[in-house]
């Protein structure tokens, strides 16, 4: 069984279901306990993914289902975001995606990110490189950019959650261009493709399902993803929060960003 091929198929089915709601604008919206929105599309996507991954027998951590201790019983755990960028889905920017990541002993080993509006897949397996595919086209190997000058670099920020300190960071390193963009998966996919260089989240509000799939993709594309203290992100922790945020770069600009972050704190 080719696990990556299976995940690509499962994520496509989930993305198609999300697009049915997106096209007709008929996805019911409610608010979770933390005030963030959840749509019918989130829940249907999750149901498809949970069913599709069940065959592997690994515990599944998904944003829209309750966490439990089963994930501590095995070395491998799935981390699923059935609709990353729910606000972008609601606001119809097109910049949302579906993400499935697999971690082993706390490290990401497989990741697939699917942006259904553009029919773009980003995917990677540890040690096998990262790839981009549009529809049923040919997979192209991903490589981050070789830009080492901040003045020539692009920095992505969130459309909905950006802190003023993140914008200040861009100014401090004299970044060439700051670009608002939707979901985390979309932004990291663009950096893995060499279409941008920096993305920083300074708060501790994201969770492991927000980063697992993208983490291995950016690594296999030659980039870096750490927390703001320059430490590796660890998966299947007791708390699923990325307590110290995260920093994604094309690697060549990583030290510059981390140094500037130290000066901001």
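The values are calculated or read from the model by the stated rules, or taken from the named source; none is laboratory data. Everything numeric in this text was worked out from a predicted model, so none of it was measured. Note that we place each Cβ from the backbone using ideal geometry, even for glycine, and neighbour counts take in every protein chain shown.
Mind counting the residues in region 237-265 that are outside any loop (DSSP other than H, G, I, E, B) and farther than 19 Å from residue 72 by Cα?
Residues of region 237-265 outside any loop (DSSP other than H, G, I, E, B): 241, 246-249, 254-264.
Then drop every residue that is not farther than 19 Å from residue 72 by Cα, which leaves 246-249, 254-264.
Summing the residues that are outside any loop (DSSP other than H, G, I, E, B) and farther than 19 Å from residue 72 by Cα in region 237-265 gives 15.
Name every residue in region 98-114 that is in contact with a helix residue (DSSP H, G or I) (Cβ under 7 Å, 6 or more places away or on another chain) and closer than 21 Å to residue 222 by Cβ, in order of residue number. Walk me through how you get there before you give the answer.
Restricting attention to region 98-114, the residues satisfying the condition of being in contact with a helix residue (DSSP H, G or I) (Cβ under 7 Å, 6 or more places away or on another chain) are 98-101, 103, 108-114.
Scanning region 98-114 gives 99, 101, 103, 108, 109, 110, 111, 112, 113.
Quick one: which residue in 237, 255, 241, 174 is out of contact with any helix residue (DSSP H, G or I) (no Cβ under 9 Å at 6 or more places or on another chain), over 25 Å from residue 116 (Cα atoms) and surrounded by fewer than 19 Cβ atoms within 10 Å (Cβ to Cβ)? Let's see the steps before the verdict.
Details: 237 fails: out of contact with any helix residue (DSSP H, G or I) (no Cβ under 9 Å at 6 or more places or on another chain); 241 fails: out of contact with any helix residue (DSSP H, G or I) (no Cβ under 9 Å at 6 or more places or on another chain); 174 fails: out of contact with any helix residue (DSSP H, G or I) (no Cβ under 9 Å at 6 or more places or on another chain).
Checking each option against the conditions leaves just 255.
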Output the strands (runs of 3 or more DSSP E) that fall wholly within region 16-130 and possess 1 or more residues being over 29 Å from residue 142 (Cβ atoms), or say none. 29-31, 37-39
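How about region 126-142: which of its residues are more than 13 Å from residue 222 (Cα to Cα) and under 15 Å from the mean Cα position of the chain (by Cα)? Give the derivation first.
The initial filter retains those residues of region 126-142 that are more than 13 Å from residue 222 (Cα to Cα), namely 132-140.
Within region 126-142, 132 is the sole residue that qualifies.
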Take the conditions in contact with a strand residue (DSSP E or B) (Cβ under 8 Å, 6 or more places away or on another chain) and touching a residue at least 24 places away in the same chain (Cβ under 8 Å) and apply them to residue 60. Does it pass? no
Scan of region 131-149 for residues that are buried (at least 16 other Cβ atoms within 10 Å of the Cβ) and either in a loop (DSSP other than H, G, I, E, B) or not assigned by TED's automatic domain parsing to the domain that holds residue 22 (or both), ordered by number: 142, 143, 144, 145, 147
Could you tell me whether any residue of region 205-212 is touching a helix residue (DSSP H, G or I) at 6+ places or on another chain (Cβ under 8 Å), surrounded by fewer than 18 Cβ atoms within 10 Å (Cβ to Cβ) and modelled with pLDDT under 95? no
